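Have a look at the structure below, then the notes.
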Amino acid sequence: MAQAKKALSRTTKKSARAGAAGGNGTKGGARAASKTYSNYIGGEWVAAAGGEYFENVNPADTRDVVGRFPVSTAEDVNRAVAAAKAAAEGWRRMPAPRRAEILFRLGNILIRDKDSHSADMTREMGKVLKETGGDVQEAIDCTFYTAGEGRRLHGYTTPAEMPDKFAMCVRQPVGLCGLITPWNFPMAIPSWKLIPALVCGNTVVIKPAEDTPLSTYNLVKACEEAGVPKGVVNMVTGYGAAAGKPLTEHRDVRLISFTGSTETGRLIAGACADRNAICSLELGGKNVIIVMDDADVDLAVEGAVWGAFGTSGQRCTASSRIVVHKKVYKKFTQKLVERAANLRVGDGANANTDMGPVINAAAVHKILGYIEVGEKQDGAKLATGGKRLTTGAHANGYFIEPTVFTDVAPDMRIAQEEIFGPVTAVIPTNNLEEAVEIANGVRYGLSAAIYTQDVNRAFHAMNDMYTGIFYVNSSTIGAEVHLPFGGTKATGNGHREAGTQVLDIFTEWKSVYVDYSGKLQRAQIDEVSFE
Ligand code: UN1
């Protein structure tokens with residue numbers, strides 16, 4: 001996932017951002033009018049120690065400054081960690097059902113404010129309103145589902161080896177959690193981390209992506225309103241190197257949960273290893289839809305369009321490869337190309353827009369770079385799209401045409417590397433066995449799908465695809481919060497968010513033995529006699 005930065009501005013200096021989109025310069029007054037936001041530390045809304053701010057701009061129109069957010073540094077991180085540490089014992093001791101009551105309140109606040117949070121999110125990250133509504137809804141679903149764990153958080157009891165001895169295991173919070181979250185699901189993904197961390201009794205410091213701090217601000221503000229005690233949730237905004245790194249390296253932070261690029265994930269894992277911290281990573285994907293010759297082709301095209309171009313292809317779960325049986329290849333590609341070419345690209349805030357902009361200038365650069373690689377280096381056929389849109393309503397935003405490459409070979413770079421944009425690669429195949437081999441032949445393992453009417457084929461693919469998520473007759477996107485989310489291989493490091501599995505990230509097990517025999521009983525050594 002692209003982790004590129006937006007322009008840095010100081011309170012005293014305007015950034016040169018407007019030119020970044022190749023646009024027409026700054027609209028007078030728009031910048032000055034934008035709201036200034038704060039960090040949230042120990043229950044107080046405070047400026048960063050350095051007094052600097054960066055601009056959060058609308059990727060559909062970079063003249064529109066959504067807000068100014070603190071550029072946090074190690075000093076701010078240290079304060080936030082100290083606040084989280086001070087609050088830890090009180091929060092841990094609060095019974096989990098009581099913690100959950102606060103979270104149920106949070107869920108209701110998010111329902112109340114869903115429309116305004118969706119509008120804020122579209123403005124700061126570009127995806128269409130229906131999708132940002134889905135993002136907020138995912139946070140709501142996560143909150144209610146996970147709050148229910150306040151009355152479960154199950155451990156188990158089990159027989160002990162010795163008589164008059166009781167054995168069980170219980171969950172305990174891991175302690176202080178650092179959450180580093182991405183811009184593509186700027187409320188849902190923070191909620192996947194924050195809500196389980198809280199119900200399990202941890203305190204947190206969250207550092208949202210610099211491209212989308214407002215959605216996380218909205219979530220944290222809702223936590224405050226719901227009555228989360230001071231210091232339990234802390235937020236510092238800013239950049240990876242200045243704020244994310246000191247959080248990752250802080251000795252008091254027991255766990256880092258990160259969603260982002262595989263490259264950054266590796267650095268974070270290394271930093272955590274250095275101090276024996278727990279590290280949970282959700283990283284890249286190169287997800288695949290397999291379309292068999294018996295598939296409902298129209299349905300498969302629907303799924304491909306939704307999976308490849310929803311969120312402008314900026315999902316870890318995006319359908320960036322489509323492996324199509326040769327018998328339906330022509331029919332499928334024709335329909336896909338026609339659909340892609342007719343998608344209406346524009347500001348996600350407009351009701352008739354199908355696909356919004358990409359996140360920032362660096363993303364434009366990366367995606368166009370891959371399109372060039374596809375055409376010139378890989379030699380794939382550019383069937384539609386491929387260009388940046390720069391005129392009329394697109395003049396001041398980061399818009400790229402929905403792009404379909406056909407006749408793609410499985411080993412081409414566009415079929416191997418995560419592009420994180422509205423680009424998909426159609427690869428022909430001869431049979432299911434070959435399709436599965438192609439589908440598994442990438443370094444990532446997040447999501448895969450098959451379109452077929454044959455239940456045997458569906459189960460074979462389900463069994464043989466080495467991914468964390470698998471769909472039958474549905475696209476690669478659209479995971480639900482009560483099932484585990486995550487992937488194999490370079491997609492992560494073995495953890496799963498969501499579902500009840502997330503509890504294994506945010507708790508550690510404690511095995512408890514209670515010997516009520518009144519004598520020394522030595523496990524593995526003493527013979528037990530029953531006379
Ligand atoms: C992501 O792209 O990082 O399954 C998360 C989906 C969404 C979550 C995507 N529910 O596509």
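Under 7 Å by Cβ, and 6 or more places apart or on different chains, what pairs join a residue from the stretch 301-330 that is without any contact (Cβ under 8 Å) to a residue 12 or more places away in the chain with one that is within 12 Å of the ligand (Cβ to nearest atom) and assigned to a helix (DSSP H, G or I)?
Cβ pairs passing all conditions: none.
Do you know which of the residues in the stretch 185-205 that are more than 19 Å from GLN314 (Cβ to Cβ) and out of contact with any Phe, Trp or Tyr (no Cβ under 9 Å at 6 or more places or on another chain) is nearest to the ligand (Cβ to nearest atom)?
Per the criteria, the residue is LEU194.
Among the residues of the stretch 85-97, is there at least one that is in contact with a helix residue (DSSP H, G or I) (Cβ under 6 Å, 6 or more places away or on another chain) and assigned by TED's automatic domain parsing to the domain that holds THR146?
So the first thing to find is which residues in the stretch 85-97 are in contact with a helix residue (DSSP H, G or I) (Cβ under 6 Å, 6 or more places away or on another chain), and the list is 96-97.
Subsequent filtering for residues that are assigned by TED's automatic domain parsing to the domain that holds THR146 retains 96-97.
Looking for residues that are in contact with a helix residue (DSSP H, G or I) (Cβ under 6 Å, 6 or more places away or on another chain) and assigned by TED's automatic domain parsing to the domain that holds THR146, one finds at least one in the stretch 85-97, hence yes.
Before we move on, is ALA139 within 16 Å of the ligand (Cβ to nearest atom) and among the small types (Gly, Ala, Ser)?
Yes: the conditions hold for ALA139.
Evaluate the stretch 31-45: report whether one residue or more is assigned to a helix (DSSP H, G or I), crowded, with 16+ Cβ neighbours inside 10 Å and not assigned by TED's automatic domain parsing to the domain that holds MET121.
yes
Which of the residues spanning the stretch 120-136 are part of a helix (DSSP H, G or I), of a type in the set (Gly, Ala, Ser) and either farther than 19 Å from GLY307 by Cα or away from the ligand (no atom under 12 Å from the Cβ) (or both)?
Answer for the stretch 120-136, where residues must be part of a helix (DSSP H, G or I), of a type in the set (Gly, Ala, Ser) and either farther than 19 Å from GLY307 by Cα or away from the ligand (no atom under 12 Å from the Cβ) (or both): just GLY133.
Does HIS117 count as at pLDDT 95 or above and either of a type in the set (D, E, K, R) or not in a helix (DSSP H, G or I) (or both)?
no
Taking ILE111 as meeting all but one of (1) part of a helix (DSSP H, G or I); (2) open to solvent by less than 70 Å² (accessible area, probe 1.4 Å); (3) of a type in the set (A, V, I, L, M), write down the number of the exception.
Against the list (1) part of a helix (DSSP H, G or I); (2) open to solvent by less than 70 Å² (accessible area, probe 1.4 Å); (3) of a type in the set (A, V, I, L, M), ILE111 comes up short only on (2).
Would you check if GLY392 is touching a strand residue (DSSP E or B) at 6+ places or on another chain (Cβ under 7 Å) and at positive phi?
No; evaluated as a whole, the condition is false for this residue.
Scanning for something more than 16 Å from the ligand (Cβ to nearest atom), outside the structural domain of LEU194 (by TED's automatic domain parsing) and open to solvent by 10 Å² or more (accessible area, probe 1.4 Å), does the stretch 254-265 turn up at least one residue?
no
Considering only the stretch 165-184, how many residues are surrounded by fewer than 20 Cβ atoms within 10 Å (Cβ to Cβ) and within 16 Å of the ligand (Cβ to nearest atom)?
Qualifying residue count, the stretch 165-184: 0.
Is there any pair linking a residue in the stretch 333-349 that is over 24 Å from ASN184 (Cα atoms) to one that is open to solvent by 30 Å² or more (accessible area, probe 1.4 Å) and part of a helix (DSSP H, G or I), with Cβ under 8 Å and at least six apart or on different chains, and which?
Correct list of pairs: LYS335/ASP298.
Looking at the stretch 469-491, which of its residues are open to solvent by less than 40 Å² (accessible area, probe 1.4 Å) and within 11 Å of the ligand (Cβ to nearest atom)?
Once the filter is applied, which keeps residues that are open to solvent by less than 40 Å² (accessible area, probe 1.4 Å) and within 11 Å of the ligand (Cβ to nearest atom), the stretch 469-491 yields ILE469, TYR471, SER475, THR476, ILE477, ALA479, VAL481, PHE485, GLY486, GLY487, THR491.
Starting from the stretch 91-107, keep only residues that are over 9 Å from ALA226 (Cα atoms), then list their pairs with residues that are open to solvent by 70 Å² or more (accessible area, probe 1.4 Å) whose Cβ atoms are within a distance under 8 Å, requiring at least 6 positions of separation or different chains.
Between residues of the stretch 91-107 that are over 9 Å from ALA226 (Cα atoms) and residues that are open to solvent by 70 Å² or more (accessible area, probe 1.4 Å), the close pairs are ALA96/ARG151; PRO97/ARG151; ALA100/ARG151.
Applying the selection to the stretch 275-321, what residues are among the β-branched types (Val, Ile, Thr), within 16 Å of the ligand (Cβ to nearest atom) and more than 19 Å from ASN342 (Cα to Cα)?
Hits for the stretch 275-321 are VAL288, ILE289, THR317.
Six or more apart or on different chains, Cβ atoms under 6 Å: show the pairs whose first residue is in the stretch 174-189 and small (Gly, Ala, Ser) and whose second is open to solvent by 10 Å² or more (accessible area, probe 1.4 Å).
GLY175/ARG254; ALA188/GLU138
Check every one of the helices (runs of 4 or more DSSP H) wholly within the stretch 426-531 and list those with 1 or more residues that are in the same structural domain as VAL170 (by TED's automatic domain parsing). Talk me through it step by step, then tell me what you get.
Details: elements: 432-440, 455-464, 503-506.
Filter on the stretch 426-531 gives 503-506.
Please tell me if GLY231 is within 16 Å of the ligand (Cβ to nearest atom), modelled with pLDDT of 95 or more and open to solvent by less than 10 Å² (accessible area, probe 1.4 Å). Show your work before the answer.
On the way: within 16 Å of the ligand (Cβ to nearest atom): no; modelled with pLDDT of 95 or more: yes; open to solvent by less than 10 Å² (accessible area, probe 1.4 Å): yes.
No; evaluated as a whole, the condition is false for this residue.
The values are calculated or read from the model by the stated rules, or taken from the named source; none is laboratory data. Note that the coordinates shown come from a computational prediction; the quantities given were computed from them, not determined experimentally. Positions of Cβ are generated from backbone atoms using ideal geometry, with glycine treated the same way; all protein chains shown enter the neighbour counts. We work out accessible area using only protein heavy atoms, side chains counted, and drop any ligands, DNA or RNA first. Shrake-Rupley method; radii C 1.70, N 1.55, O 1.52, S 1.80 Å.
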